[in-house]
Amino acid sequence: LSGIDPDEAYSVIPYEKGFLFVRLLEEVAGRRQFDAFVREYIDHFRFTSITTEQFVAFTNRRLPGLLSHVCSDEWLYETGLPSNCPQFQSTHLDHLHSLSNDWRNGRRMTPNQTSDWSSLDWQIWLDGLPHTMPHSDLTYLDQQLLAHVHDNIEIRFRLLVRMASSGYREGFARIETFLGEVGRLKYIKPIYQALWEQINTKHLAIRCFRNYEERYHPIARSIIASFLK
């Protein structure tokens, strides 16, 4: 990553691969022993940032032999997911993915089918939908399925990204309001990118950025400005 802006190098890999690695450590060490280790870790490193090497040294002192047992070098310094990666099975997750595929194939759900969904259920299902959608699908999503969960920012963000990607004019006012109220790069960058990628929505991206750029953090402002040429 030499010479690369850390914000440009950001990805979910450290989070997802890191989670799987920590979960593997817990499985091998045992829950009770690992919980004690985590408590010591927090006490020892509180209010500081550490390097990978410091983590390795601390773990080798507190749980000797654990890192070598799980082939930690492969996890920490090599690419991809090692063969001892934990595996998870969830019939509920499979069901949500199948419903996303059903939607892609033209089969819509009814509000009754989603009445007991959690916000995370909605997020997983929406993530399985295409970003560019027919306007009739967006209208049904907005007015029928998601009407009662618009207050959830994760769900609203996912809907607005699709409205932006699809040039859905009925959603432009809400997109503009969102970009003026929310400053977190995680939410605003995908929307600006979606608007900028289409000829008929570039003007909306430019107008929103000119109106709201002073509200954004300098890093967010510079990243968005870099692709609004």
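The table below lists the values:
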item	result
Carbon/sulfur fraction of accessible area - the stretch 122-229, other protein chains in place, 1.4 Å, %	51 percent
Net charge of Cβ neighbours under 13 Å - reference residue 157; Lys, Arg +1; Asp, Glu -1	+3
Contour minus Cα-Cα distance for residue 104 and residue 5 (0.36 nm per residue)	32.0 nm
FRET efficiency estimate (nearest 0.05) - Cβ-Cβ, residue 81 to residue 144, R0 41 angstrom	0.60
Folded to 0 to 90 degrees: helix 91-104 orientation relative to the chain principal axis, Cα	30 degrees
Size of charge dipole - the chain - debye, nearest 20, with Cβ of Lys, Arg +1 and Asp, Glu -1, no other charges	520 debye
Accessible solvent surface per residue of the stretch 24-177, calculated while the other protein chains remain in place, 1.4 angstrom probe, Å²	59 Å²
Heavy-atom accessible surface of the stretch 1-92: percent carbon and sulfur, 1.4 Å	55 percent
The stretch 18-61 and the stretch 80-108: distance between their alpha carbon centers, rounded to Å	30 Å
Global geometry of the stretch 76-143, whether rounded, prolate or oblate, following the gyration tensor of its Cα atoms and the 1.5 cut on a/c	prolate
Positive minus negative residues near residue 188 (Lys, Arg vs Asp, Glu; Cβ under 12 Å)	+2
Structure-derived Rg and Dmax of the Cα atoms in Å: which label, when the choices are (i) 18.7, 65; (ii) 21.9, 60; (iii) 17.1, 47	(ii)
Efficiency of FRET from Cβ geometry, residue 31 and residue 68, R₀ 22 Å, rounded to 0.05	0.60
Mean Cβ neighbour count within 10 Å, used as a protection proxy, ranking 90-96, 120-126, 154-160 highest first	154-160, 120-126, 90-96
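The values are calculated or read from the model by the stated rules, or taken from the named source; none is laboratory data. As the structure is a prediction and not an experimental result, all values here were calculated from the model. With ideal geometry, Cβ positions are generated from the backbone for all residues, glycine too; neighbour counts draw on all protein chains shown. Ligands, DNA and RNA are excluded from the accessible area calculation, which covers all protein heavy atoms including side chains. Shrake-Rupley method; radii C 1.70, N 1.55, O 1.52, S 1.80 Å.
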